[in-house]
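The values are calculated or read from the model by the stated rules, or taken from the named source; none is laboratory data. Everything numeric here is computed off the predicted structure, so don't read it as measured data. Positions of Cβ are backbone-derived with ideal geometry, glycine not excepted, and every protein chain shown enters the neighbour counts.
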Amino acid sequence: MAEAETAAQPAPRLAEAPLPVVSLVVPVYNEEGTLEEVCRRALATLESLHKPYELIVVDDGSQDGTWAIAERLAVAEPPVRAVRLKRNFGQHPAMHAGLSRARGDIIVTMDADLQNLPEDLTKLVAAVEGGADVASGRRRGRDDSWGRTFPSKMVNGMLRRFTGVDIADFGCAFNAYSRSAIEPVLGVIGKQKFTKALVLSAGASVVEVDLSHQARADGSRYSPFRLIRLALHVLAGFWPQPIQWAGVLIGAICGLLTIAVGVWGIVVWFVNGDFPGLLFLGGLVLGVLAVQGFILALVGEYLGRIQRDVEGRPLYTIDQELS
């Protein structure tokens, strides 16, 4: 069993093996139903590239038989490497565990839920070989519910606004990166969600690649609560001084609404002789509480980050690693 390892200390490269040209990193969590098929199809596609390759599976503390499958594949298939984290640390720390071990000049990231087709990785690799630092997957014809796509569009819009990077789909996990684009920001990946947004905001060139997309077999894992937390993370991570901006923006909106309600109340008062003051006062109080709750949530995101940085907690710890 490997010793506990922090994200600041990536695993050493394997000097005895020829370095791969393409590395595929697949973070997984409770994916026993799809992992074997994903790896089988991914290995066949990587083989078709006629380049040295590796496939790194990072098990983010799965509770089902995912690790047993990853372990078996690592033993049976020499290009497969398997890493198991001691508990569920989250997708982005798991992604860092894979990226820090990837040895290829082109690094592809992919989920194991079969929403994207492993065969499409040839398009991403070709885009990076064509000179792009990042080949950004763009999901066409998304087979997701309105309740999933609408919040995703909102987060994508926020990221375009706050990072200054104009791409359509920040949330697609199927992407390819040149090593030169990943290495400068490797120490921040995992602490900051949206690996693609982080790399692109550092100035990497990007080409968007249209990918096939299909529904996840067991539905989305992003609940409304997780999407709200994700939006707060975007604000705290990519927007300078969001509390000040939020205060100005929301204060202006609330002020205009207060004026509008006041004017409406005066009109009703003159027409009916009865000003509905209690109703308007109650609405105003609720609006103020909503604003305070939003700002407190944003402050909480900042405080959580400060606490993690001050304490120096590791992003993840390794339980087992097979190469």
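Going residue by residue through region 200-218, is there one that turns out to be modelled with pLDDT of 70 or more, in a helix (DSSP H, G or I) and under 17 Å from the mean Cα position of the chain (by Cα)? Yes, region 200-218 contains at least one residue that is modelled with pLDDT of 70 or more, in a helix (DSSP H, G or I) and under 17 Å from the mean Cα position of the chain (by Cα). Of all residues in region 49-105, none satisfies the criterion of being part of a loop (DSSP other than H, G, I, E, B), without any contact (Cβ under 8 Å) to a residue 24 or more places away in the chain and of a type in the set (A, V, I, L, M, F, W, C). Consider region 78-94. How many of its residues are in contact with a strand residue (DSSP E or B) (Cβ under 6 Å, 6 or more places away or on another chain) and surrounded by fewer than 22 Cβ atoms within 10 Å (Cβ to Cβ)? Counting residues in region 78-94 that are in contact with a strand residue (DSSP E or B) (Cβ under 6 Å, 6 or more places away or on another chain) and surrounded by fewer than 22 Cβ atoms within 10 Å (Cβ to Cβ) gives 3.
Restricting region 154-189 to residues that are crowded, with 17+ Cβ neighbours inside 10 Å and of a type in the set (S, T, N, Q), the residue that is farthest from residue 115 (Cα to Cα) is 163.
From the list 47, 54, exactly one residue is modelled with pLDDT of 95 or more and surrounded by fewer than 18 Cβ atoms within 10 Å (Cβ to Cβ). Which is it? Give the steps one after another, and end with the answer.
Details: 54 fails: surrounded by fewer than 18 Cβ atoms within 10 Å (Cβ to Cβ).
Within the list 47, 54, the selection yields 47.
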